[in-house]
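Here is the structure we will look at.
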Amino acid sequence: MNTRPLLNRRLDGRGTTIFAEMTALATATGAINLGQGFPDTDGPESVREAAVRALRDGRGNQYPPGPGVPELRAAIADHQRRFYDVSLDPDTEVLVTAGATEAIAAAMLALLEPGDEVIAFEPFYDSYAACIAMAGAVRVPLTLRAPSFRPDPDELRSKITPRTRLLLLNTPHNPTGMVLTADEQNAIAALAVEHDLLVVTDEVYEHLVFDGAHRPIAALPGMRERTVSISSAGKSFSYTGWKVGWVTGEAPLVAAVRTAKQYLTYVSAGPFQYAIAEALRLPDAYFDGFRADLRRKRDLLGDGLRAAGFEVYRPQGTYFITTDITPFGEKDAYAFCRALPERCGVVAVPNSVFYDDPEAGRSQVRFTFCKRKTVIEEAIERLSNTPAVVRALAGRGRCGDGCGHR
């Protein structure tokens, strides 16, 4: 009998994701799901109709070109020029992927070799850890600490070694909502140039910045030739199930990522690529209105959580709010989130799963506000106005369901 573990040791401990676990809890209990970051309404009708037209016209129903359909690659290049004054060759400097998740995986597999070190902001989106592990590289966390979650350039410098190959950035940052400032980006870029490091930057929330502004680090001096930029359509247009993402950068970098990507999905989302090409050309009013709507929902949920007793860290971007549960006398965010659906009818995600050192975020809980206003209001009501819920959250008595939990 073969006693070797079936799962590759590099993925040891990476079973079901926290998002699948908490969404399953929401389904089983009928709770409001403020855990997984997907909208509960579709995006613009014109974009959906563009996908329908592509399906009916037979565009993308068979394998699309490996790098992506020309219309989408041209739209991505135009988008970067329009919003950031970044010029790209759509034929050699743009690659379409199956969402940003595949882009991250392809970049890590293409650019890293076993033993390379990757410095990444902690807490980090869970696929970062898995993709770095699959590449055989070593993850080196740069911890962002409450309440501001700002990166410390001096700490970053101290973590760079001769084995450091790559900086993995995420701005706007999931889960904290931190948005890098110009000074922070300049400091990071200077270190990348000084140590000749590659940079992979995840910018999927680029159009969801409420305080400050998004600036691609690839536009800074000395960064274009070393930066792989990643974004996607899901967060900007509320069609997360279509899984349309992209990679941009200088031709040699994109070619390297494409080499790995072609052995993952090869191609995907054919008809949806044509629709996203149209979405990227929507007028400024769409992007401004989308951002303003999410800002209002951020403030609504943040105020409600604060009134319920949470310590709330106001996000500058994304559609997540990080909170702390210590005001309730609670310390274990994972246990808190496991109990929350049955006791309160709301699902959230424990930030501790996004840390190498779970103690660093042990008491932090993440909520999403990319839901309908009525849903957010109902969630606030469930968290704040029921005495049994308050007792369960505060740990000051039995929760009222007979379980004896304190």
Residues of the range 2-34 being open to solvent by 60 Å² or more (accessible area, probe 1.4 Å), in contact with a helix residue (DSSP H, G or I) (Cβ under 7 Å, 6 or more places away or on another chain) and not in a loop (DSSP other than H, G, I, E, B), which ones?
R10
Within the range 349-363, does at least one residue satisfy the condition of being farther than 22 Å from S127 by Cβ, in contact with a strand residue (DSSP E or B) (Cβ under 7 Å, 6 or more places away or on another chain) and among the aliphatic types (A, V, I, L, M)?
no
Sort out which residues of the range 188-202 are open to solvent by 30 Å² or more (accessible area, probe 1.4 Å) and part of a loop (DSSP other than H, G, I, E, B), and write them in order of number.
H195, D196
For the range 42-87, which residues satisfy the criterion of being open to solvent by 30 Å² or more (accessible area, probe 1.4 Å) and either assigned to a loop (DSSP other than H, G, I, E, B) or modelled with pLDDT under 95 (or both)?
D42, G58, R59, N61, Q62, Y63, P65, P67, D85, S87
Considering only the range 232-280, state which residues are among the charged types (D, E, K, R), over 20 Å from the mean Cα position of the chain (by Cα) and over 18 Å from P70 (Cβ atoms).
E250
Can you confirm whether the range 369-383 contains a residue that is of a type outside the set (A, V, I, L, M, F, W, C) and at pLDDT below 90?
no
I'd like to know if the range 235-243 contains one or more residues that are without any contact (Cβ under 8 Å) to a residue 24 or more places away in the chain and part of a loop (DSSP other than H, G, I, E, B).
no
Looking at the range 210-222, which of its residues are surrounded by fewer than 20 Cβ atoms within 10 Å (Cβ to Cβ) and at negative phi?
D211, A213, H214, R215, A219, L220, P221
Got a sec? Which helices (runs of 4 or more DSSP H) wholly within the range 244-312 have at least 3 residues that are acidic (D, E), open to solvent by less than 20 Å² (accessible area, probe 1.4 Å) and touching a residue at least 24 places away in the same chain (Cβ under 8 Å)?
none
Please identify the pairs in which a residue from the range 173-187 that is more than 23 Å from A360 (Cα to Cα) and in a helix (DSSP H, G or I) has its Cβ atom under 6 Å from the Cβ atom of a residue that is open to solvent by less than 10 Å² (accessible area, probe 1.4 Å) and at pLDDT 95 or above, counting only partners at least 6 apart or on another chain.
Q185/I217
Working carefully through the options A129, A98, find the one that is open to solvent by 10 Å² or more (accessible area, probe 1.4 Å) and either without any contact (Cβ under 8 Å) to a residue 24 or more places away in the chain or within 30 Å of G68 (Cα to Cα) (or both).
A98
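The values are calculated or read from the model by the stated rules, or taken from the named source; none is laboratory data. Computed from a prediction, not measured in an experiment: that's the story for all the values here. Methodologically, a virtual Cβ is constructed for each residue, glycine included, from the backbone with ideal geometry; neighbour enumeration extends over all protein chains shown. When the accessible area is computed, the model is the full protein with side chains, heavy atoms only, and any ligands, DNA or RNA have been set aside. Shrake-Rupley method; radii C 1.70, N 1.55, O 1.52, S 1.80 Å.
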